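Report on the following structure.
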Amino acid sequence: MNRTTDPSRRVVRIGAGAGYSGDRIEPAAELAEKGDLDYLIFECLAERTIAIGQQARLADPDKGYDPLLAERMHAVLKTCAQKGIRIVTNMGAANPEAAARRIRGIARELGLASLKVAAVTGDDVLHIVRDGAFAIEDNGQPVASLGERLISANAYLGIAPIVEALQAGADVVVTGRVADPALVLAPLVHEFGWAEDDWDKLGQGTLVGHLLECAGQVTGGYFADPGKKDVADLARLGFPIGEVSADGSAVITKVPGSGGRVTARTCKEQLLYELHDPQRYFTPDVVADFSQVQITEVGPDRVAVSGGRGHPRTATLKTTLGYRDSFIGEGQISYAGPNAKARAQLALDIVRERLQLTGVETEELRFDLIGVNAICGAEMSQAAAEPFEVRARVAGRTASMGQAVRIGNEVETLYTNGPAGGGGATKSAREVIAVLSLLLPRALVKTFVHIEESGHAAA
């Protein structure tokens with residue numbers, strides 16, 4: 001942080017070390033080493049991740065957190081401790097307390113015995129949801145309709161418990177489900193003392209969090225289009241840094257010399273990511289308004305962002321329900337050379353008839369020609385040029401694993417029972433963990449901060 005005595009000139013530097021669970025690790029290490037950071041955040045949760053983590057926790061009470069947590073901590077923890085960089089992450093997933101214990105163990109291995117690690121809990125509201133008469137937002141059905149298929153319910157928490165942990169002196173704060181921008185907004189509230197009802201500052205801080213939450217997406221990842229939007233050195237993509245002032249205005253940048261680029265265009269694309277209504281971006285802490293945001297290039301790989309505003313938060317918290325939905329069976333096979341498309345289409349027709357003849361029970365089926373119509377559909381693809389290589393794909397949703405397996409098996413038999421030249425067949429079958437949502441009164445959700453060093457727990 002810029003330690004000027006003038007509060008209005010203070011700047012907090014926050015780096016984004018991950019944009020999803022499986023993200024690259026070395027850009028985070030680069031941020032820790034060269035980013036001159038005050039905070040390093042890791043955003044690693046998708047909608048279904050906690051449900052999958054809950055299954056892992058049921059199998060082993062010491063599991064359920066992010067599978068790359070240990071690798072990430074080994075990569076950055078010592079450097080962060082030496083430089084005074086505090087870490088905030090949702091890598092706790094379904095088991096923040098176990099994650100905190102694992103981080104403490106790694107800290108001891110690295111000779112960092114005094115490191116203070118906090119776990120934030122309270123997002124797991126399965127018992128509340130199961131005992132209540134709540135309706136599912138997606139279909140209006142009662143939660144009870146899911147029966148024993150319901151395996152998790154996690155409310156999106158806001159900044160309050162993270163700020164509490166930082167105020168308690170935590171060097172590392174690990175959470176389960178929290179709103180993605182909260183990982184950035186909480187350090188800003190802690191550092192600048194923004195009031196919990198200063199909606200405009202919370203809206204601006206949420207804007208910065210939204211720009212950083214997907215890490216490499218704002219530095220040129222998921223942006224490049226050769227010849228139209230060129231991005232240099234994507235193999236060494238640098239992850240972003242937000243330089244945030246006390247009024248919430250910020251500059252988005254990256255480590256000098258790292259790959260990628262930060263421009264007004266990369267920032268605008270990330271601003272629109274998952275944004276349904278620019279005037280009403282709902283989070284647990286504020287309803288942010290991005291409709292007046294200003295984005296200005298102020299130097300090479302430096303973009304100023306301002307103009308985020310906010311309105312009072314809602315009385316409810318979005319809660320994600322994870323449930324066992326069905327099974328998916330899939331098979332693929334390739335055809336190449338002259339008439340490849342016709343042979344691949346014949347392969348699909350054969351499998352379609354075989355599934356009927358052999359009585360495979362499905363709830364939904366897809367027949368795609370990858371490279372022809374799998375993404376854009378038959379209508380949009382009908383005028384496209386004839387491809388030289390095509391991959392036929394059949395996928396189906398079933399009520400049992402046994403039926404799902406039969407779909408891939410039928411595709412595989414095309415080797416010796418289908419059109420000429422089929423090769424590279426693959427097959428798979430897996431259970432589908434799906435998610436639904438409900439709105440839970442926030443008064444029902446109680447959060448806790450557990451300091452791993454002392455065992456302290458506070459509501």
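Centroid-to-centroid, using Cα positions, region 306-337 and region 1-72 are 20 Å apart. Computed from phi, the 3J(HN,Hα) profile of region 29-37 under the Karplus parametrisation 6.51, -1.76, 1.60 (θ = phi - 60°) reads 5, 5, 4, 5, 6, 10, x, 6, 8 Hz, with x in place of Gly and Pro. Summary of the geometry: region 103-122 and region 346-363, compared by the centres of their Cα atoms, lie 54 Å apart. A probe of 1.4 angstrom, applied to the heavy atoms of all protein chains, finds residue 412 with accessible area near 80 square angstrom.
Amide H to amide H, with H built 1.01 Å from N, residue 425 comes under 5 Å of 334, counting only residues 5 or more places away or on other chains. Coupling constants for region 348-365 follow from the phi torsions by the Karplus curve (6.51 cos²θ - 1.76 cosθ + 1.60, θ = phi - 60°), and in residue order they are 5, 5, 5, 5, 4, 5, 5, 5, 6, 4, 9, x, 6, 8, 10, 9, 6, 9 Hz; glycine and proline get x.
Label-to-label distance, residue 195 versus residue 381, with points set 7 angstrom from Cα along the beta-carbon direction: 5.7 nm. Converting the Cα gyration tensor eigenvalues of the chain into ellipsoid dimensions via √(5λ) gives semi-axes, longest first, of 42, 28, 22 Å. Cα centroid separation, region 410-437 to region 217-270: 38 Å.
Each label point was placed 7 Å from the Cα along the Cα-to-Cβ direction; for residue 356 and residue 130 their separation is 4.4 nm. If you plug the beta carbon distance of residue 167 and residue 442 into 1/(1 + (r/R0)^6) with R0 = 22 Å, you get a FRET efficiency near 0.60. With all protein chains in place and a 1.4 Å probe, the accessible surface of the chain carries 50 percent carbon and sulfur. One decimal place: the segment residue 113-residue 9 gains 34.0 nm when fully extended, by the rule 0.36 nm per residue minus the C-alpha distance. For a straight C-alpha distance cut-off of 16 angstrom, the aspartates and glutamates reachable from residue 254 (same-chain residues fewer than eight places away being disregarded) are 26, 30, 33, 36, 38, 213, 233, 243, 297, 301. Per residue, the accessible area of the chain comes to 44 Å², computed with a 1.4 Å probe over protein heavy atoms only. In this structure, the amide hydrogen of residue 310, modeled 1.01 Å from its nitrogen in the peptide plane, lies closer than 5 angstrom to those of 200, 203, 289, counting only residues at least 5 positions away or on a different chain.
On full extension, the segment bounded by residue 339 and residue 417 gains 26.3 nm, given 0.36 nm per residue less the C-alpha separation.
The values are calculated or read from the model by the stated rules, or taken from the named source; none is laboratory data. For clarity, every value in this text was computed on a predicted model and none was experimentally measured. Positions of Cβ are backbone-derived with ideal geometry, glycine not excepted, and every protein chain shown enters the neighbour counts. Surface areas here come from the heavy atoms of the whole protein model, side chains and all, with no ligands, DNA or RNA. Shrake-Rupley method; radii C 1.70, N 1.55, O 1.52, S 1.80 Å.
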